[in-house]
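**Q** Let me give you the structure first, and then I'll get to my questions.
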Amino acid sequence: MKPVILPSLLAADPGHLADAIRRAEDSGADKLHLDMMDGAFVPNLSYGPAIVELARKTTRLPLSVHLMFVRPDRYAKRFAEAGATTLQIHVESSCEVGATLEAIRRFGAEPALVLNPLTPHTAALPYLHLVDECLQMTVFPGYGGQKFMPEPLPEIRALRRAAAAAGKPDFAIMVDGGIDRATIAACAEAGADQFVAGTALYSKSDMAAEIRLFRQLASDAVRASSHALS
């Protein structure tokens, strides 16, 4: 499976978001990642549904929307109607997680689950039948530019095995937090196949070349791992 690369709009110049969205698409990104923060679940505030609407009008890329909300159930419909392709909610949020995932699908978006760095993969298992994607955070959510945490790597491996055992060999495992040239290979080797990167992509003068490099590094890591096991 080809590695999926998602530039994170949080790292873009907030005064030129439409240009940043177009840049991601023109550079060959597979999807666009949008972080939404409520100032309560995480100690920061970011965009709202209007930015999702802007992105939907600006690009044909799928929109991966990460809701870092205490009560994502109260806002999921608004973000789905704004144009989110996928809505990701935290297993640690204060809502009925299963019911919210089901509601997101009714609202017309794909539901996905998010795990904080120190949350065990087993927290996702009761919801595997409701989702086809899980986002494993590799930093504590709330701020961009943090250093990658290796602690979730064994949990990614375990989640990949659990998804396969549940009859979901194509289950998507996304990683977000400190993903760059130095860390993407370890995540791919562990079983991740979708990679969110903010500063590591938007800081480059040639984003397209960096996206190609990310794909190559991830693919090489998977091949090397497969050869080692054979």
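The values are calculated or read from the model by the stated rules, or taken from the named source; none is laboratory data. From a predicted model like this one, the values you see are computed outputs, not experimental measurements. Backbone-built Cβ (ideal geometry, glycine too); neighbour counts: all protein chains shown. Just so you know, the surface numbers come from the protein's heavy atoms only, side chains and all, with ligands and any DNA or RNA stripped out. Shrake-Rupley method; radii C 1.70, N 1.55, O 1.52, S 1.80 Å.
**Q** Calculate what fraction, in whole %, of the accessible area of region 148-230 sits on carbon and sulfur atoms when a 1.4 Å probe is rolled over the protein chains.
**A** Whole-percent figure for carbon plus sulfur exposure: 56.
**Q** Give me P(r) over region 71-198, computed from all C-alpha to C-alpha distances, binned every 5 Å, as integer percentages.
**A** Histogram of Cα-Cα distances, whole percents per bin: 2, 12, 22, 22, 21, 14, 6, 1.
**Q** With the calculation restricted to Cα positions, what are the radius of gyration and Dmax of the chain in angstrom?
**A** My reading of the Cα-based Rg and Dmax gives 16.4, 50 Å.
**Q** What would the Debye equation give as log₁₀ I(q)/I(0) for region 27-96 at q = 0.25 Å⁻¹, counting only Cα atoms as equal point scatterers?
**A** For the requested q values the scattering log ratios are -1.10.
**Q** Helix hunt in the chain: which complete DSSP H runs extend at least 20 Å axially by C-alpha with mean Kyte-Doolittle at least 0.0?
**A** 207-229
**Q** Given the rule -39500 (n - 2.57) for each run of at least 4 DSSP H residues, summed and divided by the residues of the chain, what is its mean residue ellipticity at 222 nm, to the nearest 500 deg cm²/dmol?
**A** That comes out to -11000 deg cm²/dmol.
**Q** While we're on this one: What number comes out for the charge environment of residue 154, summing +1 per Lys or Arg and -1 per Asp or Glu over other residues with Cβ under 15 Å away?
**A** It works out to a net charge of 0.
**Q** If the limit is 28 Å between Cα atoms, which of 2/168; 2/147; 77/147; 31/147; 2/204; 57/168 go over it?
**A** Checking Cα-Cα distances, 77/147; 57/168 exceed 28 Å.
**Q** If Lys and Arg each add +1 and Asp and Glu each add -1, what is the summed charge of the other residues whose beta carbon sits under 11 Å from the beta carbon of residue 103?
**A** +1
**Q** For the chain, what does the accessible surface come to per residue with a 1.4 Å probe? Please give it in Å².
**A** Heavy-atom accessible area per residue stands at 44 Å².
**Q** Looking at region 43-152, which trypsin sites (Lys or Arg not before Pro) are in a loop (DSSP not H, G, I, E or B) and have at most 11 other Cβ atoms within 10 Å?
**A** Here the sparse-neighbourhood loop sites are 60, 147.
**Q** Let me ask something additional. Kirkwood Rh and Cα-based Rg: tell me the resulting Rg over Rh for region 109-173, rounded to two decimals.
**A** On the Cα set of region 109-173, Rg over Rh gives 0.97.
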